[in-house]
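The numbers here are math on the coordinates, done by the rules we state, and not lab data. Computed from a prediction, not measured in an experiment: that's the story for all the values here. Cβ atoms come from the backbone with ideal geometry, glycine included; neighbour counts cover every protein chain shown.
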Amino acid sequence: MRFLHTSDWHIGRAFHNVSLLQDQAYILQQIIDIAQAQSVEAILVSGDIYDRSVPPATAVELLTLTVDKIVNELNIPLIMISGNHDSAQRLGFAARQLQQAGLFILGDLSAISTPVVLQDAEGEVAFWGIPYADPASVRSAFKQDVHTHDQAIATMCQSIVASFKPGRRNVALSHCFIDGSTESDSERPLSIGGADRVNWQHFSAFDYVALGHLHGRQFKGKDSIRYSGSPLKYSFSEEFQIKSVVIVDLKADGSCAIEQVPLLAKRNMRSITGSLADILQAAVTDPHRDDYLLVKLTDSHAILDVMGKLREFYPNILHLERPGLMATKDSTRVQPKKNNASEQSMFNDFFNQVMDRALTEAESTLIDKVIMDLQETGDKS
């Protein structure tokens, strides 16, 4: 059986107050196109469908359109679980009725031992949903002494493995943090102090494990226990990650052939470092000026309306850092009263940009005195 594994769509997410809905619509259509081109027999989404438990109406509309294309137009079964960003109850509305149309939403802990069973030429494949659940929820549902995420996953996996049927291949969808995996800045912690870490060996009985939660694609323990990663970059810490979906060919003996198919975002998320002059010069021939950018300016002097100058070429700058300016300030603090050349130079640059002329000798002397007075006042306080 061939299926597609994806996760962490985070529909409705905003980054630095900029909505990513258009970018998400673009990448979800790309996933649909890949599924069609690869003739997959199922699509798995391993949690964090939405970015928050009460998603905006526009996010719900985008998911509705996406589900309609997959389930109704392409007739591909869609299996998804809830993640820590989702509300399992809201996401699972009318889940039983929707199964008849080919949409399977697995978020009910009381039904965790009931799989979605699909058939191919080699026999049956059981898809087991292990949604995100905190230890308290698992303790209540299974009436067992569960206090950590590791114990929660162990309890749910044991319950599922006990329900295995001979001759069936078994695939798990789980939203959790496997111990030793690489995380990104954009992931919401599951708990404090590392208690969210889970041993990969709890999943060893499954033929393939479609993981969600971590945004960088990776596998732990063995190749078939795998994070697909998020389809888009959701922080600048993901700048160098390759975003993709996983195509899995599950063979009759339970072995897997795995292919990672890259995704191409509508706008990349990347950083640029350099002086303002160098950045603006390079921008003239930059073919990707619509990208979401973190700009790190190395200039050590004040610059008037720097964001305005940059946005003439790069309209989607999300964040600006001034490491060059901060380095100058830090070096000035070492000798606060001895040398005010840096402050004087910064004011000179500012005055020149605003007034379009240099300071006169008298003005320069006055500014120098003001700076010295301010430094002395600061030292006394």
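Observations, loosely collected:
- When the alpha-carbon atoms of region 267-334 are used, the pair Rg, Dmax equals 12.6, 43 angstrom.
- Computed from backbone phi, the HN-Hα couplings of region 87-99 come to 9, 4, 5, 5, 4, x, 4, 6, 4, 5, 5, 6, 4 Hz, rounded to whole numbers (Karplus: 6.51 cos²θ - 1.76 cosθ + 1.60, θ = phi - 60°; Gly and Pro given as x).
- With the convex hull drawn over the C-alpha atoms of region 181-261, the volume per residue is 87 Å³.
- For the set LYS69/LYS243; LYS243/LYS309; LYS266/LYS296; LYS233/LYS296; LYS222/LYS243, the pairs lying more than 28 angstrom apart at their alpha carbons are LYS243/LYS309.
- At most 15 other Cβ within 10 Å, DSSP loop - GluC sites (Glu not before Pro), region 38-141: GLU122
- Here the chain is treated as a Stokes sphere of Kirkwood radius computed over C-alpha pairs; at 37 °C and 0.692 mPa s its diffusion coefficient rounds to 138 µm²/s.
- Values of log10 I(q)/I(0), in the order q = 0.16, 0.22 Å⁻¹, for region 239-307 under a Debye, Cα-only, solvent-free model: -0.71, -1.01
- Spatially proximal aspartates and glutamates relative to LYS369 (Cα-Cα < 16 Å; intrachain offsets below 8 disregarded): GLU343, GLU361, ASP379
- Other-chain or far-sequence residues with amide H under 5 Å of GLU187's (modelled H): none
- Dipole magnitude of the chain about its Cα centre (Cβ charges: Lys, Arg +1; Asp, Glu -1), debye to nearest 20: 700
- Report note on the peptides 143-156, 284-297, 252-265: ranked by the mean count of other C-beta atoms within 10 Å, highest first, their order is 143-156, 284-297, 252-265.
- Chain lengthening between LYS369 and ASP290 when straightened (0.36 nm per residue, less Cα-Cα): 23.9 nm
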